[in-house]
Amino acid sequence: MHLIEGQKGGSKKQHKPYEQPDNLLSTAKLKALIALSEGEIQGDITEQNIYIDNTPLANADGSRNFNGVTWEFRNGSQTQDYIKGIPEISNELRANYIVKANKPWVRSFSNLDLDAIRIKLSLPTHVEYKENGDMVGTVTKYAIDLSTDGSAFETVVNAEFNGKTTSEYQRDHRINLPSAVNGWAIRVRRLTPDSNSNSKLINAFAVSSYAEVIDSKLRYPNTALLYIELDASQFNGAVPKISCKLKGKLVQVPDNYDPVSRTYSGIWRGGFKMAYTNNPAWLAYYLMRDEIAGMGLRIDSTMIDKWSIYQLGQYCDQMVSDGKGGKEPRFACNEYIQSQEDAYTVLKDLVASFRGIIFWGNDQICLTADMPQDEPDFIYHPSNVIGDFAYSGGSYKNRYTSCLVAYSDPNNHYCDDVEAVWDYDLMRRYDVNVMKLTAIGCTSQAEAQRRGRWALLSNAKDEVITFTVGLDGYIPMPARIIGVADPSRSGKENGGRIHAVSGRKITLDRVVDYSAGDRLVINLPDGTAQSRTIKAISTDKKTITVSANYKIEPVAGAVWCIDSDNIAIQYFRVTSISATEKGRFTITAIQHDPDKFKYIDEGIRIESKPITVTPPSSISTPKNIVVSESSYISQGLSIASLNATWDTVEGATNYVAQWRKDNSAWINVGRTNGTNFTVEGVYSGVYEVRVRAVNAIDVSSPWAYSQATSIKGKVGKPDKPIGFTASDDVVFGVDLKWSFPDGSGDTSHTEIQYSTNESEEKALLLSNVTYPSCSYSQTGLSIGQVFFYRARLVDKIGNVSDWTEWVRGISSTNTNDLTDHIFDEIKETDAWNSLIDSVDNAAISSIENAKAIIENALANDTETRRRRVENGSLSAEIKETNSVLLTEKEATAIALRELNSKYGDVSSNLTEFKKTTAEQNSATAQAIQSINTKVGDVSTSISDVSETVNNLNGKISAHRTMKVKIDDKGQQYVAGMTMGVENTDNGMQSNVIFLADKFMVMNQANGNPVPAFIIKDGNVIMNGAIIGRASLNFATISDTIQSENYVPGKSGWRLFKDGNFEINSSFLGGGRIELNGSGLAVFDERNVLRVKLGKL
């Protein structure tokens, strides 16, 4: 057998060369120096809590998420080091040296001021050609060595070029230089062999240039810094978001406080130390005391009660449930204050984070919080209150049942998240009503829950109490907790005054129905209240023995009350105290629920103790309403009164009563705790009374009515005012005065009407003047304004007297009074002050202030151009300055141009100044032109000042003033004018004012100037005038006065300066009368003398 072999025909498929894309690309570096905080901070920054576009720089295991990132941190201390290279001054020099394996690049540097050398390496082409035609990258290694003061070289950079490029690729290396005596040497070595013998490998590189670097060494003391350098190619050329999670400011905390464990050891003696904390109470103390970020320049240590803040700090640090099985502090504040705001607003927002309340009182900043309190600070009872307790509450529409709390979620890079909080009991009662709340500084979901619960429960208990006290009003401060023992609401006696004290035995002023185990609360002599458990009660139920001594022995007359689990006293938090009259104060307080805190912190709901024994059921109407009449003598007059009484209704805490006369409208008496009321000064008529009872929960009975009862009372109506007069000498107004008749003690007010004539149809109400005032001023009238006035009295139950007769009043036309009044108003304006000021003072002062602002500004952009020539005593100069100034709260632009010429003591100056300023609530603009010359002792000046002021505080002004002045050896001559509009205390005024010895208005007819109006030495001179209406105090006739229709012997009248007075009449065809010093003559229409009196 033969083996037959064969082969496949054909050839291999041809290889297509592959070119690797260039991957060595020149990259830009992003360098950022971020100011993290003013002042020293704790910091504790690691790569794990630096975030770039919300991604940590490094993972928990240390692996990096970004390459080519370098960073440095400074904590903001006074002595911190500078960050190298930020900023820097560099001198770059060209090298163009190709580095070979046997020829490194070496340079020596002897300038000991250098901080670094920056070397730029250049790689023109970096490619390897394979045998199969592929173009791929390659690897070229190199090293940079440093020698200090001639020592051996040490490698500081060991790197490589790994990749491919067909175009020039550059890379920088900054070599930081250590301290030296003589200098340094730097060497760049090639570690990869040269490629000279291999034409398919191109990997030569060179030192393109090097730069000598001197850092500016800016330490930025007291500013925390983060420097970070990024490879821009990783972010597509955009600037990424850079953030970090750090521990903030070092603030003053008690020296016995451990901010890490949040514990306080031993007794605090008032000392402080610097440490990081997010306890909001100590952050509030920092803001009040810090002189840079806070109010330390205005507040010293004596103005702050640090002991109360210590208690608040301990309350904030108490551990509560975090809702996830662990514990967390009750309050923490992680807040970044990034802008300047009103100090009180910032402080108020901060203290709100721990339910704080801040106010000024007793020359101190008082800081407290809504937190549990064992007993009230002071107690009140009808025995130390003037009048009754008045209760009020909010609308059902404002009863919120759920709350959306916005807080910063640390699991989502502290972006805002919303925590929903609701209360089922409130929702069942008030339906769904949502409140929105921003929890400032809150980064805990559990704390957001607690804040929402507190808001809902505090809103649900919103009853407000108001009452009046005597000097006890000095005792409670706002935000203090007071106890109120109100028997009208509780339904039983629960307070009063102490009758006697003997050790632990307290004798009360009334019988009490309580038992051992209840608590006796007493106002002590030091102005505080304290409770003690009742040990025993005497058989007469008036003497109580307590289980322990009070801290200060009570005194007789002190107020007491009993707090029991069966019927508790009411708790309120004081919100305001105001003085109403001498020795009296009105206290307003809002309901305080001491049982809500368990529910807020732990979710345990405790039912509130009852405050009344009155059953919340329907209540019956009052019975036996009796209306009677009584009278008494006052100042010799008999005063009639209406008296109403009714029986007590079981379960009623107060009553609402009304009365009316002769079936008129019902008049409200108001709520009363008693079963009677009295109306004094009633008039004769038929009266009715109606009453309804109200129980402790404001359930009211139907109205109960009395029988209509006839009361004699006063007969007739009140007498009208006596001596009602109106003035004629008040500038721009009329003063009204009157007196009251005898027996007018029951007057309520005086009703005044006015009219342009004595017509009742056109009468308008001017005012109701409360008794016993007996004067009224109508202001804002024009000069010579005439009105007619009348008045009548109205008593307290609505009876009115007859009107007085109309009296005429007129605003003053006295020129002296008017001139003085108007002059006083004008003197208060900016326009007036600008006019009377020295002609150059205002201009020079504004210009010099502008120069000082430019020189002293911390942040400005100023451009100055100056041309000056000088030859001996001769000089000429032109100077232009343009400046823009910015501060945190103000923007200002200034343009100043000055022309100066001088020849020895002879000088001339022209200055143009313009300035605009804008602030948050105000804007001003100013333009000034000033011309000045001086020769010897004589100087001349011209100024033109324009200024506008507009701010939200009510100051609105715009004026322009032009003045000229000559100063001849100390004797000044001034002329000027100003026009302005300004909002003054007397309202908006517009004025045009002239300052001159002579003032003239002229007209030029046919080219010949003729004076038309002249003022000189206080006199007005006119060639002619047409006056619509004139009021003359005094007039002098230099020729004649006549009517416009005067025709001698026929019509009109004429008064001659020689005393002749001619009166012509058209009666019965005409005639005239002539009157002079000789007598009176009467002529008929034919000019025939008919009557003559006097000298015949």
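Where a number appears in this text, it was derived from the coordinates with a stated rule and is not lab data. Since the model is a prediction, treat every value here as computed from it, not as a measurement. Every residue, glycine as well, gets a Cβ built from its backbone with ideal geometry; the counts of neighbours run over all protein chains shown.
Here are some notes:
- Pairs of alpha carbons in the range 464-602 whose separation is greater than 20 Å (percent): 50 percent
- Per-residue packing, averaged as other Cβ atoms within 10 Å, sorts the ranges 227-234, 600-607 into the order 227-234, 600-607, beginning with the highest.
- P(r) tail fraction, the range 722-813 - alpha-carbon pairs more than 22 Å apart, %: 25 percent
- log10 of Debye I(q)/I(0), alpha-carbon scatterers only, for the range 88-215 at 0.17, 0.20 Å⁻¹: -0.86, -1.10
- Among the GluC sites (Glu not before Pro) in the range 876-930, those placed in a DSSP loop whose Cβ has at most 14 other Cβ atoms within 10 Å are E888.
- Note on L1080, L764: ascending count of other Cβ atoms within 10 Å places them as L764, L1080, the fewest first.
- Whole-Å distance, taken between Cα centres, linking the range 87-140 and the range 895-924: 58 Å
- Legend: residue pairs K29/K164; K879/K934; K348/K914, Cα-Cα distance threshold 29 Å; pairs beyond threshold, K348/K914.
- Taking 15 Å as the straight-line reach from the Cα of K273, the aspartates and glutamates in range (excluding those fewer than 8 positions away in the same chain) are E40, D255, D258, D290.
- Think of each Lys and Arg Cβ as +1 and each Asp and Glu Cβ as -1; about the Cα centre, that makes the dipole of the chain roughly 1480 debye.
- Cα centroids of the range 418-486 and the range 669-707: 36 Å apart.
- Amide H contacts of G1071 (H built 1.01 Å from N, under 5 Å, at least 5 apart or other chain): S1065
- 3J(HN,Hα) couplings calculated from phi for the range 621-626 with the Karplus curve 6.51 cos²θ - 1.76 cosθ + 1.60 (θ = phi - 60°) are, in sequence order, 7, x, 10, 6, 7, 10 Hz; Gly and Pro show x.
- Farthest towards the positive end of the charge dipole of the chain, among the residues V501, I604, V511, is the Cα of I604, using unit charges on the Cβ of Lys, Arg, Asp and Glu.
- Seen through its C-alpha gyration tensor, with square-root eigenvalues sorted a ≥ b ≥ c, the chain comes out oblate because a/c lies at 1.5 or above while a/b is not bigger than b/c.
- Length available on full extension from K141 to D305: 0.36 nm per residue minus the Cα-Cα distance, which gives 52.2 nm.
- Angstrom value of the Kirkwood radius, inverse mean 1/r, which spans all Cα pairs in the range 26-131: 18.7 Å
- Label positions at F235 and I667, each projected 7 Å from the Cα along the C-beta direction, are separated by 8.0 nm.
- Computed [θ] at 222 nm, deg cm²/dmol, the chain (DSSP H ≥ 4; -39,500 (n - 2.57); rounded to nearest 500): -2500 deg cm²/dmol
- Projecting the Cα positions of N102, L456, T892 onto the charge dipole of the chain (unit charges on Cβ atoms of Lys, Arg, Asp and Glu, taken about the Cα centre) puts N102 furthest along the positive direction.
- Rg/Rh for the range 1036-1094, where both radii come from Cα atoms and Rh is the Kirkwood radius: 0.98
- Förster radius 30 Å - calculated FRET efficiency between I836 and Q1004, Cβ distance, rounded to 0.05: 0.40
- Within a straight-line Cα-Cα reach of under 14 Å, K461 can be paired with the following aspartates and glutamates, leaving aside sequence neighbours fewer than 8 residues apart in one chain: D370, D423, D425, D593, D595, E607.
- For the range 626-711, the alpha carbon positions stretch 46, 27, 18 Å along the principal axes, listed from largest to smallest.
- Bridgeable aspartates and glutamates around K31 (alpha carbons under 12 Å apart, same-chain partners fewer than 8 residues away excluded): E72, E229, D231.
- Per-residue Karplus couplings for the range 787-794, computed as 6.51 cos²θ - 1.76 cosθ + 1.60 with θ equal to phi - 60°, are listed in order as 9, 10, 10, 8, 8, 8, 9, 10 Hz, Gly and Pro entered as x.
- What the phi angles of the range 574-584 give under the Karplus curve with 6.51, -1.76 and 1.60, with θ = phi - 60°, is a coupling list of 5, 10, 7, 9, 10, 7, 8, 7, 4, x, 10 Hz, glycine and proline written as x.
- When each of K737/K796; K103/K200; K436/K596; K306/K492 is checked by Cα-Cα distance, pairs over 31 Å: K306/K492
- Bridge orientation summary for the chain: considering DSSP beta bridges with both residues in this region, about 95 percent are antiparallel.
- Three semi-axes of the equivalent ellipsoid, the range 28-88, Cα gyration tensor, whole Å, largest first: 22, 16, 10
- Candidates S801, S811, G723 compared by Cα position along the dipole of the range 722-813: farthest toward the positive end lies S811, with charges placed on Cβ.
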